[in-house]
Amino acid sequence: MLDFLGGLERTQMCGELRAEHDGQDVVLMGWVNRRRDHGNLIFLDVRDRTGVTQVVLDKEVSNEAHAKAEAARSEYVVAVKGKVRRRGAGLENPNMATGAIEVVARELLLLNEAKTPPFSPAEDAIANEEVRLKYRYLDLRRTEMQHNFALRSKVAMAIRNYLVEQGFLEIETPFMTRSTPEGARDYLVPSRVHAGSFYALPQSPQIFKQILMISGFDKYFQIARCFRDEDLRADRQPEFTQIDLEMTFPKQETIFRVVEGFLTAAFKAAGITLTTPFVQMTYDDAIRNYGIDKPDMRLPAMVSLTDELTAELRESLKIEPVLPVLGFVIPGVGELSGTARKALMSEIRAAFGDSGLDALDVARLKTNASFAPLAETIEKKLTEAPTLAPNGRREDGAPLLVVITPKLGTPAKWNHDPQWIYKRVGALRLQLGQKFADKHGRFTKTGTEADYKFAWVTDFPMYEWDEETKTWIAAHHPFTSPHEDDIQTGKLVNDKGAVRALAYDIVLNGTELGSGSIRIHRQDVQAEIFRSLGMTDEEAKERFGFFLDALEYGTPPHGGIALGLDRIVMILAGASSLREVIAFPKTAKAIDLMVDAPTPVSEQQMKELHLRITSRS
Ligand code: ASP
C-alpha cells in the first residue's frame, strides 16, 4: 500500500508558501504533523525542517488521495501534489508562517508509515527527558530542536568564516593521543597492538596547537571536540566542542580583538549586534567589585564601605577593626515590610553560619539617632551608582540595600585568603539577584544586545593554595606564562601567592565562556614551572618530554584561547541545558540513551585488547 517516490521532486519546503503563491502548483514532502478528519475533508499538517503547511484533502477533488489521507497517521512520510489556495477571510492563521494559504491536494503519496510515537514531535514541550533522549530522532524533529541546530550551524559557520578571513588556518589534531594537561580525568583507548598501553582522548588540543606555533603556522584554529571524564553537572558533557585558537607573537589584546570579532560575527548570525571592545578588568578588581572571577554585570557591583565604618563606629557596632565592609543593592525590589525585612536578615545570617559575617540592618540604623548619619551615608553611597536596567528602563521599586560586616573576633581560619569576605558577599549578591529576579527583571531576555554583558578578566593568580595538601597548585594548565615582571623579580621562587599569570577568561552574564593565556615559550621557564608545581625533572620528562624537546628548537612567543561552542549556542538559543544544543548528548550519568553506550564488550574483544574486567557496575 505504500507508494514509491519515483521521479517526483519537491518544489518547495513546507515553511515557504505565502499568499503570493496563490494558484501555484506545488509538490511538498514531509511528515504528518497533525491530522484532522472532517469526513469529506481531511486536513493534514505536513512538516519539514522549515515549517508546516496545511494540506486539504477534499473527497470531491480526489477520492483516491482522500482515501490515503484516511489511512495516514502522525509521522507518516508523505508527498503532496496540489495547488496553493489562499485561505478564506477569517480562516487565516496568524500564528503560522504559512497561515495565509493551504494546499489543495490532487494526489497524496504515502512514502512511509510510522509506529505511534512515544511522544508527538508536534508538541512544544515534552516533560520526560529520558524518553526524549532515547527517541532522540523523534525529539530532534521538534521545531525547537530544528531551530537550535540550524542556529548552531549558522553560528559555527560565521565563526569559521571570520577566522579564515583573519588569516587563521583550520588544522585538525588527533583524537588518539596521550594525556593532555587540562586537569580532568582522561578517557582512555586501549591499544591492541601494544599490549598494556593506552591512548588518551584529548582534553583539549593544547599541546598540539602550541606545537603548530613552533611549526610556524602563525594562526591556528579548530572547532575541536574535547573529552573530559568529569563528574557531570547540568552544564557539562563528557565530550564537548571548543572554538580553539592559537597565534604567534600576540599581545593579550591581539587575542581579545580576534575573539570579539568572531563573537560579533556569531551573534550577528543570531540577529544580535554586539558593541566591542568588551569591558576588561583584572582578577583582583573582579573579586573586589563582584566577589567572583566571573562577574555577572547585569546587576550593580559591590561597593566598599570600609572607610565609612570608622574605628569608633566599628567599636560600637562590634565590627572587626580592619577587615572590609561591603555593600550592594539589588535594584527594583521595592519597600519591604518590617516582617519581610527581618525574615530576609535572618535568612542572610543563617546562610553565613559561623563564617563570622553579619548583615547590618540599614533601615534599623536609621531609627537610631547615633547611627542615622551612617545609614544615610551608606544609602547615598550604595544608590549613587546608576541603577538603569540593562534594557534602559529605570527600575520602579526602591533598591534593596545590603551591607555585610565582619563581626568582632572573625575567625582567623580565613586569613590565608584575604579575599574571602569579597567572595562570600559576592555569592550573596548573586543569590539575592536570583531571589528577586522577578522584581529587577534584569535576567529577562529582551532580544537585544543589552541581554549580554561580556567581560575580559585578566591577571589571574598563577598558583592557588590547596588547603588540603598545603601546597601551591597551578591555577591553569602548566603552559601558562607568568608575568614577565614576576619572573624577573624572583617571585616565582619566593612569593608564589603573588605571581600573576598572563591568563584571561572571557565571561558572559556570570558564566565563563572560555579561557586562555600567553604561553611559556622558553624551555628553562617551562622546566622551572613544572618544578614549582612539585614535578621532578624526571616526571616532567616522562609526561611532557617531547614538548620540552620541541621548545628547544626555536619556539616563538605565542598565546591563544578556547571558548565553549556548545555554551555559546545554548545562550543564543535561550536553552536551559547543553543537551538542547548537542545532537546526541549524554545524560548526567554519561550515558547515551539512544545507542545505549557505554556497554560491555565481548570476551574476544577484551582478549584482543589484553584486558580483564575485575568488577562490573
Ligand atoms: N586549552 C585550554 C582549555 O581547554 C584553553 C587554552 O588555554 O587555550 O581550557
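Here are a few things to note about the model shown:
- A search for C-beta distances below 7 Å between a residue of the stretch 204-221 that is touching a residue at least 12 places away in the same chain (Cβ under 8 Å) and any residue that is more than 12 Å from the ligand (Cβ to nearest atom) and in a strand (DSSP E or B), counting only pairs 6+ apart in sequence or on different chains, returns Met213/Thr248; Phe217/Leu169; Asp218/Thr248; Lys219/Leu169; Tyr220/Leu169; Phe221/Glu170.
- Residues satisfying the stated conditions in the stretch 235-245, i.e. away from the ligand (no atom under 11 Å from the Cβ) and either β-branched (Val, Ile, Thr) or under 21 Å from Leu551 (Cβ atoms) (or both): Thr241
- Unmet requirement for Thr180, which otherwise passes all of (1) within 16 Å of the ligand (Cβ to nearest atom); (2) within 27 Å of Ile571 (Cα to Cα); (3) at pLDDT below 95: (2)
- The residue that is nearest to the ligand (Cβ to nearest atom), among those in the stretch 485-511 that are buried (at least 22 other Cβ atoms within 10 Å of the Cβ) and β-branched (Val, Ile, Thr), is Ile506.
- For the stretch 97-130, the tally of residues that are acidic (Asp, Glu) and assigned to a loop (DSSP other than H, G, I, E, B) stands at 3.
- Test for His477: is it at pLDDT below 90 and in a loop (DSSP other than H, G, I, E, B): yes
- Exclusive hit being away from the ligand (no atom under 15 Å from the Cβ) and either crowded, with 21+ Cβ neighbours inside 10 Å or more than 21 Å from Thr555 (Cβ to Cβ) (or both), set Leu212, Leu201, Leu232: Leu232
- Residues in the stretch 433-441 include at least one that is surrounded by 18 or more Cβ atoms within 10 Å (Cβ to Cβ), in a helix (DSSP H, G or I) and over 20 Å from the mean Cα position of the chain (by Cα).
- Note on the stretch 335-363: residues that are of a type outside the set (Asp, Glu) and more than 19 Å from Leu428 (Cβ to Cβ) total 3.
- Test: residue in the stretch 247-254 that is outside any helix (DSSP H, G or I), under 22 Å from the mean Cα position of the chain (by Cα) and at pLDDT 95 or above: no
- Note on the stretch 73-96: residues that are in a loop (DSSP other than H, G, I, E, B), crowded, with 16+ Cβ neighbours inside 10 Å and either at negative phi or among the small types (Gly, Ala, Ser) (or both) total 3.
- Inspection of the stretch 554-566 identifies at least one residue that is in contact with a Leu (Cβ under 6 Å, 6 or more places away or on another chain), within 16 Å of the ligand (Cβ to nearest atom), more than 26 Å from Asp218 (Cα to Cα) and modelled with pLDDT of 95 or more.
- The stretch 218-229: number of residues that are surrounded by fewer than 18 Cβ atoms within 10 Å (Cβ to Cβ) and over 19 Å from Met157 (Cβ atoms): 2
- Scan the stretch 283-309 for residues that are of a type in the set (Asp, Glu) and in contact with a strand residue (DSSP E or B) (Cβ under 7 Å, 6 or more places away or on another chain) and the total you get is 1.
- Only residues that are acidic (Asp, Glu) and within 12 Å of the ligand (Cβ to nearest atom) were counted across the stretch 468-484, and they come to 0.
- Within the stretch 512-532, being in contact (Cβ under 8 Å) with a residue 24 or more places away in the chain, away from the ligand (no atom under 11 Å from the Cβ) and charged (D, E, K, R) holds for Arg522, Glu528.
- Residues satisfying the stated conditions in the stretch 447-467, i.e. within 16 Å of the ligand (Cβ to nearest atom), touching an Asp or Glu at 6+ places or on another chain (Cβ under 8 Å) and of a type in the set (D, E, K, R): Asp459
The values are calculated or read from the model by the stated rules, or taken from the named source; none is laboratory data. Small disclaimer: the values here were computed from a predicted structure and weren't measured. Positions of Cβ are backbone-derived with ideal geometry, glycine not excepted, and every protein chain shown enters the neighbour counts.
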